[in-house]
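Here's the structure, in structure tokens; my notes come after.
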Amino acid sequence: MQINAARWICRLDPADDDRQALDVLAASMQSDDPDVRAAALVSIDEIGDRGRPLWETVAALQLGKGEEYSQRTVERIRTRLQTAR
């Protein structure tokens, strides 16, 4: 629920302050639960440039076997990060 709320806060236009929502997403992508991690990564991907403060952290993630969907999401964000540089 927190991840969905954070995603929608970041999608509001304009959001006054995304920091708390981004903090929720940052903590969630570090979760031990692969489903929570996947939901956070998808949310970061969906919010586009609003998620830019988290892209470096996402790019550094090392995911395990069985997390192919999350790995594809990470690769999309890595590509976006390289393009933005």
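No value in this document is a laboratory result; all are computed from the given coordinates. The shown structure was predicted, so the numbers you read here are calculated from the model rather than taken from an experiment. Quick reminder, even Gly has a Cβ in these numbers, built from the backbone with ideal geometry, and neighbours come from all protein chains shown.
Answer with yes or no whether residue 6 is more than 13 Å from residue 77 (Cα to Cα), crowded, with 19+ Cβ neighbours inside 10 Å and not polar (S, T, N, Q).
Numbers: more than 13 Å from residue 77 (Cα to Cα): yes; crowded, with 19+ Cβ neighbours inside 10 Å: yes; not polar (S, T, N, Q): yes.
Considered against the rule, which asks whether it is more than 13 Å from residue 77 (Cα to Cα), crowded, with 19+ Cβ neighbours inside 10 Å and not polar (S, T, N, Q), residue 6 comes out as yes.
When the range 48-74 is examined, which residues are found to be crowded, with 19+ Cβ neighbours inside 10 Å and of a type in the set (Lys, Arg)?
50
Among the helices (runs of 4 or more DSSP H) lying completely within the chain, list those that include at least 3 residues that are small (Gly, Ala, Ser) and within 9 Å of the chain's Cα centre (by Cα).
Values: elements: 2-11, 19-29, 34-46, 52-59, 68-84.
Answer list for the chain: 34-46.
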